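Down below is the structure, laid out as structure tokens.
The values are calculated or read from the model by the stated rules, or taken from the named source; none is laboratory data. Computed from a predicted structure; not experimentally measured. Here the Cβ positions follow ideal geometry from the backbone for every residue, glycine too, while neighbour counts run over all protein chains shown. Areas reflect the complete protein model, heavy atoms only, side chains present, ligands, DNA and RNA absent. Shrake-Rupley method; radii C 1.70, N 1.55, O 1.52, S 1.80 Å.
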Amino acid sequence: MTAQSASRTLFFFEKPSAMRQLQRFFKSPSTICVSAEGHLLAAEEPGSIREEWKPWRFDALPIVLERIPVTYGTNRSGQSHKPKIEAIKQALKGVERVIIATDPGREGSMIAWEVLEHLGYRGRVDRLKLGALDEVSIRRAFAVMAKEPDSGERDYAAYLEALCRQYEDYHLGLNGTRAMSLRLRPPAFREPWRFGGVQTPTLAILADLEQRIRDFVPQDYFKIALKVMADSGAEITLWHAPKDKILDKQFAETIQQAAISWSGPLGVEQKDVRRSPPRLFSKDTLARRCAKRFGWDPQHTAKLAQDLYDQGYLTYPRTESEHLPESQTGDARAVIGSVVGILTDLASFIPAEADLVFRKGNKGHYVKDPGEHHAIVPLRKVPQPGSIGSDHLRLWELVAKSFLAAHLPDGIDARTTVVVQVPTPHGPKRFSISGSVIKSPGWRAVYGAEADEDTEAVPGKAKAEEEPTTGRLPPVQDNEPGKATDARIETAKTEPPRRITRGELPVVMGRLVDQVEDPTLKAALENPANPNEPKGLGTAATRDTILPKLQKSRYVELLKGKDPPIQVTEIGLAFIAAVRRVFPNYGDPVGRAMFEADLAEIGRATTREEAIRRAAAYQERTRSRVQELIGAVAQSQTVAVDPTTFPASTAPVGKPPTKAMIAFATALAARKGVKLPRGLKSNSAICRAFLDQHAPARSSEPVEHRPRNGPRPPSEAMVRYARALAEEHGMECPPEITTDFAACRAFLDAHASRRAARSEDTNGATIRKSRSPATASAGHGDSRGKTPAAKRSPAAKAGSTRGRTRAHPANSAPPTR
């Protein structure tokens, strides 16, 4: 492929590895190659734009920008991308055509376009979409680009879609997080209440499921077993276990009594059951399978898949689709041949080329248009032994076996079902048992015993009642006489909905339709343009980043397990309740999915002008929603959450309380005759919450109205305690303790220790008498074994609202999705 010598052409790659894969195709000296390292530009922090936006102040909200200023980003080593931007600027001189060859998705488009826009490039732009980095795929991508003279215009629309996502993320994360943290967050919780357009409705899905699990009350239900002897002497147990569970034991007993006297013909039904191979992998379904089989975090799976794509072993991995285009059926034989050259033990299962199976249509593997990117599949280039790591190899084998299975015949099982109809006072009741034997393994030969793992249950739903089965049935003839020898009732319990796991969450976000019961909402989530990809939350490229954000905010925690289930914490439930009370739209997953569908329309614009018009309208809607959010939060009250209900793993932690805080809390408890809550002496959040609840009311003056010049004032709690200490010691209270934080803290440091010691002696004497020596020693460690950070400030943490605001500088809570 030789570029025209009359003009200079610049290829813009996303990373050096991809650039090296393609450079061998370029012969002309007029062709220039440059490479990014992901995003080279980053959004400016609010405090860098305007000084008054740096502190967290509610009266400064909403912070709304027409256009988000950008600055030079940094690489993983913290080095600025400025030299790389400058190098690209120099390379663009004299260039008449830029070919964007970044990864074929919205983020890839944005990585290149944001730099070109920043540098003011106004020449021709074309888009090279590299769905894979093997030679055949590269040549096809060039051929497609040659037939699409407007590829750059359409790619600009994809860039604007990504830009609008960033615009919304920035404004919602910035304004929502600050507003929720300053006005609604419980005093006991010190982490920011992070807010995001995608993460908040995702949390709502999990919170709704959590509430259903908590509200679930198990019920007994009943199954009736009927033991039958055929005339041939064969014994068999049949079951009456209808899908509509029997909850009335008396009803079950009536059926049992009727069954115990049954005699009559046994019905034998025989049929072949065909089992089709599973679908090919999208990014989300691949993450779910790897989590279930290997216990991998979805982000680990995504990194492995991206590495294999960069090395030319897999197709583009950040895809929503589970289908291939019908135009690629001709590639199957060559790819399969390469795969079995490595997986040699599977070669015997591969039929002749004429016998390969190509299942077409939405229920198959090939469709006319699979969407922006097709399913993840292997390529002709295969990894040689020792060329990749063990995890990379396991992932490649998983994808390769999926591709092989997709082209093999259906598996066939010979299923036999023995049935009898028992007349009862409630009508005839069916008793049955089924048994299956493999008649033809088909595609299952590729997996062996692993084939049974391919059935995936719907996340978040109760486990479905399975039809009664047995391994192998005794020989029974159709219409053979038989009679009951016993009938018994077995009791089982209904089960709560199953928790969504770490590996399943991206699938749940993408297939929100599976979590919805309302037929109207299900219809609203359908995608007529692509029925296999209904409307959902987020994008395939970013869904696996949401759970770590929820964990960081302590909204959720992971339970134990290979693919750990997700549990919503008290804080997560309180946060979602607050969101739904203040601004319900942000707690509505379906509403968010519809909003995202509008966002996707920007990327589908056929001209630059139409894309710009749609983007401008979306950004105006974003600004309006932010204004409405801040207005709603301003009229709301702080959320009340009992800190003692926090699980140990999610309770706000950090520095232990100061001696002054412990002494003040101990004195309050003695005065009011209440017990100190568990964890007060080791957890400053619990101690602070106790003081907030039992100390006299603080001043209601908001942080932003306090003096901004001069010494920082102490909190009301500090002043109250200082005065109490002065009175107790019979001394005058220095006047500066009411106006100077440092002076008040020094006074408390000097006089709090004696009171703390007396309180410990008084209130702890009875407890110490009952402790073992080891326990008593540990108890003294609570008051003596302070960390250096705790020694630093005996009273600063006793409830200063101003200190609370400063604890979260603008750059501590970056915009979140």
Quick test of your reading of the structure: GLY536 fulfils all but one of (1) at pLDDT below 90; (2) more than 30 Å from PHE294 (Cα to Cα). Name the failing condition by number.
(2)
In the stretch 335-363, what count of residues is obtained for those that are under 30 Å from SER151 (Cα atoms) and of a type outside the set (Val, Ile, Thr)?
3
If only one of GLU148, GLU161, GLU117 is open to solvent by 20 Å² or more (accessible area, probe 1.4 Å) and closer than 30 Å to ILE630 by Cβ, which one is it?
GLU117
In the stretch 516-532, what count of residues is obtained for those that are open to solvent by less than 60 Å² (accessible area, probe 1.4 Å) and within 23 Å of the chain's Cα centre (by Cα)?
5
Determine which member of the set GLN567, GLN551 is over 24 Å from SER624 (Cβ atoms), modelled with pLDDT of 95 or more, surrounded by fewer than 22 Cβ atoms within 10 Å (Cβ to Cβ) and out of contact with any Phe, Trp or Tyr (no Cβ under 9 Å at 6 or more places or on another chain).
GLN567
Among helices (runs of 4 or more DSSP H) completely within the stretch 73-154, the ones holding 2 or more residues that are within 29 Å of the chain's Cα centre (by Cα), within 27 Å of ALA540 (Cβ to Cβ) and touching a residue at least 12 places away in the same chain (Cβ under 8 Å) are 106-118
Being of a type in the set (Ser, Thr, Tyr) and exposed (fewer than 14 other Cβ atoms within 10 Å of the Cβ) is true for just one of SER276, SER263. Which residue is that?
SER263
Modelled with pLDDT of 90 or more, open to solvent by 70 Å² or more (accessible area, probe 1.4 Å) and touching a helix residue (DSSP H, G or I) at 6+ places or on another chain (Cβ under 6 Å): does that describe ARG394?
no
Counting just the residues of the stretch 679-707 that are among the basic types (Lys, Arg) and buried (at least 16 other Cβ atoms within 10 Å of the Cβ), which one comes out modelled with the highest pLDDT?
LYS681
Quick check on LEU226: is it crowded, with 16+ Cβ neighbours inside 10 Å, out of contact with any Lys or Arg (no Cβ under 8 Å at 6 or more places or on another chain), over 28 Å from LYS439 (Cβ atoms) and touching a residue at least 12 places away in the same chain (Cβ under 8 Å)?
yes
TYR167 being closer than 30 Å to LYS549 by Cα and surrounded by fewer than 24 Cβ atoms within 10 Å (Cβ to Cβ)
yes
Leading residue by the ranking (surrounded by the fewest Cβ atoms within 10 Å (Cβ to Cβ)) among those in the stretch 287-310 that are farther than 20 Å from MET509 by Cα and of a type in the set (D, E, K, R):
ARG293
Within the stretch 294-338, considering residues that are among the charged types (D, E, K, R), in a helix (DSSP H, G or I) and touching a helix residue (DSSP H, G or I) at 6+ places or on another chain (Cβ under 7 Å), the one nearest to GLY389 (Cα to Cα):
ASP307
Looking only at the stretch 188-213, filter to residues that are over 18 Å from VAL582 (Cα atoms) and out of contact with any Leu (no Cβ under 9 Å at 6 or more places or on another chain); which one of those is surrounded by the fewest Cβ atoms within 10 Å (Cβ to Cβ)?
ARG212
The condition of being touching a Cys at 6+ places or on another chain (Cβ under 8 Å), modelled with pLDDT of 70 or more and part of a helix (DSSP H, G or I) holds, among ALA722, ALA742, only for ALA722
